[in-house]
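Participant: Structure below; questions to follow.
The values are calculated or read from the model by the stated rules, or taken from the named source; none is laboratory data. These figures come from a predicted structure and were not determined experimentally. All Cβ positions, glycine included, derive from the backbone under ideal geometry; neighbour counts span all protein chains shown.
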Number of protein chains: 2
Amino acid sequence: MSQRVKVKQILSDDRANYEVTVKGWVRSFRNNQFIALNDGSTNNILQIVIDTENTDPATLKRITTGASISATGEIIPSMGKGQRVELKAKTLEILGDCDPEKYPLQLKNRPSLEYLREIAHLRFRTNTFGAIFRLRSSLAFAVHKFFNEKGFQYLHTPIITASDAEGAGEMFRVTTLDLKNPPRTENGEIDFKEDFFGRSTNLTVSGQLEGELGAMALSDIYTFGPTFRAENSNTARHLAEFWMIEPEMAFYELEDNMNLAEEFIKYVIKYALDNNREDLEFLASRLVEEEKQKPQAERSDMGLIEKLEFVVNNEFMRLTYTEAVSILKDSKPNKNKKFQYLIEGWGADLQSEHERYLVEKHFKKPVILTDYPKEIKSFYMKLNSDGKTVRAMDILFPGIGEIVGGSQREEDYDKLVSRMQEMGVPVEELSWFLDTRRFGTAPHAGFGLGFERLVLFVSGMTNIRDVIPFPRTPKNAEF
Amino acid sequence: MSQRVKVKQILSDDRANYEVTVKGWVRSFRNNQFIALNDGSTNNILQIVIDTENTDPATLKRITTGASISATGEIIPSMGKGQRVELKAKTLEILGDCDPEKYPLQLKNRPSLEYLREIAHLRFRTNTFGAIFRLRSSLAFAVHKFFNEKGFQYLHTPIITASDAEGAGEMFRVTTLDLKNPPRTENGEIDFKEDFFGRSTNLTVSGQLEGELGAMALSDIYTFGPTFRAENSNTARHLAEFWMIEPEMAFYELEDNMNLAEEFIKYVIKYALDNNREDLEFLASRLVEEEKQKPQAERSDMGLIEKLEFVVNNEFMRLTYTEAVSILKDSKPNKNKKFQYLIEGWGADLQSEHERYLVEKHFKKPVILTDYPKEIKSFYMKLNSDGKTVRAMDILFPGIGEIVGGSQREEDYDKLVSRMQEMGVPVEELSWFLDTRRFGTAPHAGFGLGFERLVLFVSGMTNIRDVIPFPRTPKNAEF
């Protein structure tokens, strides 16, 4: 028997008139003769032409949408429209039946994204989710490729941790204690000394602090792993479990950090444009269809691929928080009181509506905002000489909002400790973190990029639950 | 000012007589003139020669081990031994001091691996751990590169899960309930409906079951993410949190699975040999030093690099469990009752001592054991036609034991359900998993490789806590 060849390879091969075996799943079967076969290697199907007369009628009946088959025959030029070649089947074997009465993925009644979320274990089998998860995989590979080429070390920071990097996020507890009857100390508190790790532990909200430890020896590191937020936010942009990329670079200042982040985002998007063209074209046409439901004014100015090319080919707009506030204060929606939160002046925390105005209306391109008021940012960010602002940078994307948050870090021991005390961050507990500032401290910077938000942007999807295989959200941990 | 250049680039550059700026940490300072600078890009140091006479004595005093500096000057051919080029410093700036009285990493008293585990936040700064974590990063990249080249999709399976893939492992609970006063149902049980996900949830022990869902649509997928075991094992081979690679392939049978696993392991080791030669050479000499403490009989036959090349260049030995038991039964240690667990006959679960005998004494090479008794393997493995054995495969490595566990999966719905019932696996709860066998089932196979065991093997280290940045073990979740 010939070795199995994947559909992607056959379709990208210039040759014809050679024998292959293909294996995959039936997408459709028409005229009792033409099978559209998908094997997940590409969104495109291979047409299999069956010798109906010489095929057992019992077998023909079993060729239904979703059935798994193996077919051997010759790849020949196709007479039909829509494909260059097709497979003229010599033998056909049903590997796994698929009862059309029970299979939820019938082509006739196109299932909604909401319904597909309920059957997330099967949605990989649709064109939309095949394209999304091949795209996600490509983007993940591009992340590793980019940092590898730059000489960064991939660092696995811990998932279970006793520390809370942000000093803020709501966290998931990790425990092996018996909840029904946990051990207690003399004064009735839970006795975490008896817990698996001998202390209270949580799921990480960020690998940054541990990443800094690596950068202070290896120069350039990045993390790429799951992070967790126990926030009760049921929105289209939040997940309780998501993947984050956090590079951290010794001897980088804020501008180096911005340059790296911009180069990085453009690199991974370009990688997808170069390597997942068919998936992106499919998702682009899906988006056009979806937007037809919307009023004209709410539709995108650009098509998906046009939008991605625009991001790759144009410089991000860079400005300070102070400049942004001044633009927002004078903006029409502020003057006409259309913003839900009106911008009265300097110091206000920017809301999603303000970020979207800057990105989507004012600049019409990705924006990097820098030098935020220290009060609205984290303790570890480097204080500017004005004593009021910190060397933070947020990258804002159209339709997504914040896709990157980063900063130059405060490398001065005394200044860092004083910020920690001001903000109520426990100094003693983070003694190991402070050791980086005690012993051979150096300027350094880093950022975090929420991977799902990137996939959301590149895929043109609108709900973050549709770009991670098995979304974890309040009251939902199926599969 | 010239742009910063990394030490690795300078040392691999053929040129001399050009100006650079370097930044990094002082490893040593001798004769008040020669700085050994390490910046983490390589284990090798760049020698910086200082113009002592024209350097402020106060600055000279601050050049201590661990201090962070920036130096600009010309790269010139070196007169000294051990390096081709050196930097003749024109300017030198101390970026961060390092108090020699307090810094725990002094060259004079070489710290033990045990001590370095206690200061894991600083151990990246040693030659040993610099080499290990660059090697780990390279191996991780090679994993992605291998699967990307083969057309596999990288799938992020969930970390928080309500299911227990192995039906066995002890798991960590994930909860946001108030442990002091958890909500209870009427009959006094903990009311997990009130928990964040509306049910009882744990940290994943394997992404396999979710991986199979992906493979049944995308053909070839792999996972690479953290997995967890709440086992109270304080050994040199166990971690509570570790990274696992789990490929899953539609239309693969057991032999395809073995071929892929063998090719994969050889590929990533060869990648390290090609890309981390200096780190491996350093680790090889470290191992020689370490083994000098051991009696001759316990030392390795081969050096580290020789051992890695042997694995890359030789076929793994493949045999069935039944053949292995016959060899073990007739072996000297069995006859002389040297085994702690004597092999009486077919059906015995193999212990570490048996695996080591096969690999290290009998075959002296990696071994793939197949077709184990069904009683000692998982419910999802495909039953052989003998009705007694399953299509399992374990890959055993010298010094490590099991590095890969895999199998062809039972794709037949009825047979799978009957195995689940026999083994007490809840059928109803895994209904989503069974859907893969209901709708278009296909032969498929996969395996899991413990990433830290791979790093352990390639680095020649002996304790698994030394090959993950921040090990999580019973009573230990520092940093």
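Participant: So, in segment A:262-299, how many residues would count as being surrounded by fewer than 16 Cβ atoms within 10 Å (Cβ to Cβ) and part of a loop (DSSP other than H, G, I, E, B)?
Facilitator: Here the count works out to 5.
Results for (1) among the aliphatic types (A, V, I, L, M); (2) free of Cβ contacts under 8 Å to residues at least 12 places away in the same chain, shown as yes or no for each residue.
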position: A:50; (1), (2): yes, no
position: A:58; (1), (2): yes, yes
position: A:127; (1), (2): no, no
position: A:139; (1), (2): yes, no
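Rundown of residues vs (1) of a type outside the set (S, T, N, Q); (2) away from chain B (no Cβ under 12 Å); (3) farther than 14 Å from residue A:242 by Cβ, yes/no style:
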position: A:432; (1), (2), (3): yes, no, yes
position: A:435; (1), (2), (3): yes, no, yes
position: A:452; (1), (2), (3): yes, no, no
position: A:460; (1), (2), (3): yes, yes, yes
position: A:464; (1), (2), (3): yes, yes, no
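Participant: Within segment B:46-62, restricting attention to residues that are buried (at least 21 other Cβ atoms within 10 Å of the Cβ) and closer than 20 Å to residue B:6 by Cβ, which residue is nearest to the chain's Cα centre (by Cα)?
Facilitator: For segment B:46-62, the residue satisfying everything is B:46.
Participant: Pairs, please: C-beta under 6 Å, at least 6 apart or cross-chain, first residue over 18 Å from residue A:367 (Cα atoms) and in segment A:263-279, second surrounded by fewer than 17 Cβ atoms within 10 Å (Cβ to Cβ)?
Facilitator: Filtered contacts from segment A:263-279: A:270/A:312.
Participant: Taking the stated definitions as given, is residue A:157 of a type in the set (S, T, N, Q) and over 21 Å from the mean Cα position of the chain (by Cα)?
Facilitator: no
Participant: Continuing with the same structure: Can you name every residue in segment A:117-160 that is under 19 Å from residue B:8 (Cβ atoms) and more than 7 Å from every other protein chain (Cβ to nearest Cβ)?
Facilitator: Result: A:145, A:146, A:147, A:149, A:150, A:152.
Participant: Which pairs do you get when a residue that is within 18 Å of residue A:249 (Cβ to Cβ), found in segment A:406-423, comes within reach of a residue that is part of a helix (DSSP H, G or I) and of a type outside the set (D, E, K, R), reach meaning Cβ atoms under 6 angstrom, with the pair 6+ apart or on two chains?
Facilitator: Every condition considered, the pairs that remain are A:406/A:257; A:408/A:254; A:410/A:416.
Participant: Something else about it: Identify all residues within segment A:89-115 that are of a type in the set (A, V, I, L, M) and either facing another protein chain (nearest Cβ under 10 Å) or free of Cβ contacts under 8 Å to residues at least 40 places away in the same chain (or both); write none if there are none.
Facilitator: Scanning segment A:89-115 gives A:94, A:95, A:105.
Participant: Can residue A:77 be described as over 19 Å from the mean Cα position of the chain (by Cα), surrounded by fewer than 14 Cβ atoms within 10 Å (Cβ to Cβ) and farther than 19 Å from residue A:460 by Cα?
Facilitator: The answer is yes for residue A:77.
Participant: Continuing with this model, one more query. Restricting to segment B:180-211, count the residues that are hydrophobic (A, V, I, L, M, F, W, C), at the interface with chain A (Cβ under 8 Å from one of its Cβ atoms) and assigned to a loop (DSSP other than H, G, I, E, B).
Facilitator: Total meeting the criteria: 2.
Participant: Answer with yes or no whether residue B:250 is buried (at least 22 other Cβ atoms within 10 Å of the Cβ), more than 30 Å from residue A:197 (Cβ to Cβ) and facing another protein chain (nearest Cβ under 10 Å).
Facilitator: Yes: the conditions hold for residue B:250.
Participant: Follow-up question, since we're still on this one. Find the residue count for segment B:300-322, including only residues that are more than 30 Å from residue B:276 (Cα to Cα) and either assigned to a helix (DSSP H, G or I) or touching a Gly at 6+ places or on another chain (Cβ under 8 Å) (or both).
Facilitator: Matching residues across segment B:300-322 total 2.
Participant: Take residue B:8 and tell me if it is touching a residue at least 60 places away in the same chain (Cβ under 8 Å) and crowded, with 16+ Cβ neighbours inside 10 Å.
Facilitator: no
Let's see how each residue does on (1) within 19 Å of residue B:396 (Cα to Cα); (2) among the charged types (D, E, K, R):
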residue: B:281; (1), (2): no, yes
residue: B:289; (1), (2): no, yes
residue: B:306; (1), (2): yes, yes
residue: B:328; (1), (2): yes, no
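Participant: Would you mind listing the helices (runs of 4 or more DSSP H) fully within segment B:364-479 where at least 3 residues are surrounded by fewer than 19 Cβ atoms within 10 Å (Cβ to Cβ)?
Facilitator: By residue number, B:413-423, B:431-438.
Participant: Among the residues of segment B:303-323, write down those that are of a type outside the set (Val, Ile, Thr) and surrounded by 13 or more Cβ atoms within 10 Å (Cβ to Cβ).
Facilitator: B:303, B:304, B:307, B:308, B:309, B:310, B:316, B:317, B:318, B:319, B:321, B:323
Participant: Of A:144, A:156, which residue is assigned to a loop (DSSP other than H, G, I, E, B), assigned by TED's automatic domain parsing to the domain that holds residue A:377 and over 23 Å from residue A:465 (Cα atoms)?
Facilitator: Just a single option satisfies the conditions, and that option is A:156.
Participant: Within segment B:212-232, track down each residue that is assigned to a loop (DSSP other than H, G, I, E, B) and buried (at least 23 other Cβ atoms within 10 Å of the Cβ).
Facilitator: The answer is B:219, and nothing else.
Participant: Still on this structure: Inside segment A:262-282, can you point out the residues that are among the hydrophobic types (A, V, I, L, M, F, W, C) and within 19 Å of residue A:141 (Cβ to Cβ)?
Facilitator: Passing the criteria: A:264, A:265, A:268, A:269, A:272, A:273, A:280.
Participant: Take segment B:384-404 and flag every residue that is out of contact with any Ser or Thr (no Cβ under 9 Å at 6 or more places or on another chain) and in contact (Cβ under 8 Å) with a residue 40 or more places away in the chain.
Facilitator: Those that are out of contact with any Ser or Thr (no Cβ under 9 Å at 6 or more places or on another chain) and in contact (Cβ under 8 Å) with a residue 40 or more places away in the chain: B:395, B:396, B:397, B:400, B:403, B:404.
Participant: Would you mind stating whether residue A:122 is closer than 21 Å to residue B:451 by Cβ, in contact with a Pro (Cβ under 9 Å, 6 or more places away or on another chain) and either among the charged types (D, E, K, R) or at pLDDT 95 or above (or both)?
Facilitator: No; evaluated as a whole, the condition is false for this residue.
Participant: Could you say whether any residue in segment A:91-110 is under 19 Å from the mean Cα position of the chain (by Cα) and not basic (Lys, Arg)?
Facilitator: Looking for residues that are under 19 Å from the mean Cα position of the chain (by Cα) and not basic (Lys, Arg), one finds none in segment A:91-110, hence no.
Participant: Now for a different question. Limited to segment B:323-356, what total is found for residues that are assigned to a helix (DSSP H, G or I) and touching a Phe, Trp or Tyr at 6+ places or on another chain (Cβ under 8 Å)?
Facilitator: Counting residues in segment B:323-356 that are assigned to a helix (DSSP H, G or I) and touching a Phe, Trp or Tyr at 6+ places or on another chain (Cβ under 8 Å) gives 5.
Participant: What strands (runs of 3 or more DSSP E) lie completely within segment A:1-109 and have 1 or more residues being of a type in the set (Asp, Glu)?
Facilitator: A:18-30, A:68-77, A:85-96
Participant: Also: Between B:105, B:37, B:60, which is modelled with pLDDT under 95 and under 22 Å from residue A:443 (Cα atoms)?
Facilitator: B:105 is the lone residue from the list that is modelled with pLDDT under 95 and under 22 Å from residue A:443 (Cα atoms).
Participant: Could you please find all residues in segment A:38-77 being among the β-branched types (Val, Ile, Thr) and either within 14 Å of chain B (Cβ to nearest Cβ) or within 30 Å of residue A:275 (Cβ to Cβ) (or both)?
Facilitator: Passing the criteria: A:42, A:45, A:48, A:63, A:64, A:65, A:69, A:72, A:75, A:76.
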